[in-house]
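The values are calculated or read from the model by the stated rules, or taken from the named source; none is laboratory data. Predicted model, so just to flag it, every value in this text is computed and none were measured. Using ideal geometry, Cβ is built from the backbone for each residue, glycine included, and neighbour counts are taken over all protein chains shown.
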Amino acid sequence: MRILRFLLAALPLLGGCGHAVGVMAPVPQAAASAGTKQVDMLVATTRQPSGDPATLFNGERSPKPYLTDVAVSIPEKRQAGTVQWPKRVPADPKTEFAVTRVRQIDTLAEGRAWFRQHIEGGHALVFVHGFNNRYEDAVFRLAQIVNDSGMQATPILFTWPSRAQLTGYEYDKESTNYSRTALEQALRVLAQDPNVKDITILAHSMGTWLAMESLRQMGIRDGHVNAKIRDVILASPDIDIQVFAKQFAEMGKPAPKLTIFVSQDDRALAASSFITGNVSRLGAIDPSAEPYRSRLEKAGIAAIDLTKVKAGDGLHHGKFAESPQIVQLIGQRLMTGQPLTDPNISLGEGVTAVVGGTVRTIGTVAATAVTAPVAALEKRPPPSGVDETLHSGADPKALSN
């Protein structure tokens, strides 16, 4: 009965966004040329082709991956952190996000050629979306993140088969398992490209499970994750805490530099916890409290607590992309390897970071830098005993938020 009441209360928050669907058919390029910005991205997917140019791919699973060159036009006058969804199709590029180019890429050579043409200083960003996402949802979200963050990187979207239904949690979760080898192979191909200097993975919600599983597989095969995969950012990670500890340990040494964004008021993760048997989710912990604080320090994982950041959605699940300051932190600091110790960082009232075991406010009351612990973390010593570090025989209830 308690679970039923919870789900009934959550349904109004989980409902549809009210925007038009089927927005992937390109609008004329000329219509988007004046007063707009363009984001070019390479989209890899394990979704099944829909046969409809308005949607391109559906939520069913494909036995082979597909690559698509996509360009999205973004209106110049807009509020950062938001996606201006078309109210109807075709979209109006002057005021709404609009797709301006779609081109299927049939060979690996074509994919490499696309990357050479769009390389941004040798930096690549691979974005993995979360639960309940259509193909177009992931495309527009990545375009928004790239535009608002000011990042200098080549954007690559990996979109897995989500049925985009509230009742499809288990299907979506199994789709991430279905897609983990495809993501691992995509990361390998990207790392083998001589034009790529480094790779940042940004994963959200259920997509963090897929990202960690793919990196775990790579670590098991090779003994460690490819050195070009430098940074992994997990936003609102929908991962069982104990399982995360195993995944991290099995990635091998040295591991990429990990940053997690957490929020104790994340209602989507609360629902996930109910569905999975009241198991605590990584994205809902309080990283400043024990046992997390000490164990994150030993594992060399930085955590940023967004609990006090105002959310644009009722679920409080997309703060990493909806806050202009946070998305800029991702694009201009985390992706470039800069420390979180600059006293000039301003991320909004009450935002805290737990780095090297030290808790510091990095919001408008920005504290002075604590250099020594952070400097030690940024040397990225190989993590040891992360399984014991994050869950050394602790009672699961003690690890819940």
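A few points about this structure:
- For Ser236: the one exception among (1) on the phi < 0 side of the Ramachandran plot; (2) crowded, with 24+ Cβ neighbours inside 10 Å: (1)
- The residue of region 294-326 that is farthest from Phe244 (Cα to Cα), among those that are touching a strand residue (DSSP E or B) at 6+ places or on another chain (Cβ under 6 Å) and assigned to a helix (DSSP H, G or I), is Phe320.
- Test: residue in region 101-114 that is among the hydrophobic types (A, V, I, L, M, F, W, C), in a loop (DSSP other than H, G, I, E, B) and touching a residue at least 40 places away in the same chain (Cβ under 8 Å): no
- Hey, Leu215 more than 17 Å from the chain's Cα centre (by Cα) and buried (at least 19 other Cβ atoms within 10 Å of the Cβ) or not: no
- Residue check, Val99 more than 21 Å from the chain's Cα centre (by Cα), β-branched (Val, Ile, Thr), at negative phi and crowded, with 19+ Cβ neighbours inside 10 Å: yes
- Any hit, region 130-142, residues being at pLDDT below 95, surrounded by fewer than 23 Cβ atoms within 10 Å (Cβ to Cβ) and acidic (Asp, Glu): no
Here's the yes/no breakdown for (1) assigned to a loop (DSSP other than H, G, I, E, B); (2) of a type in the set (D, E, K, R); (3) more than 24 Å from the chain's Cα centre (by Cα):
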{"position": "Tyr66", "(1), (2), (3)": "no, no, no"}
{"position": "Ile74", "(1), (2), (3)": "no, no, no"}
{"position": "Gly81", "(1), (2), (3)": "yes, no, no"}
{"position": "Pro93", "(1), (2), (3)": "yes, no, yes"}
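- Residues that are under 19 Å from Thr176 (Cβ atoms), among the hydrophobic types (A, V, I, L, M, F, W, C) and not in a helix (DSSP H, G or I) within region 115-144 comprise Val126, Phe127, Val128, Phe131, listed in sequence order.
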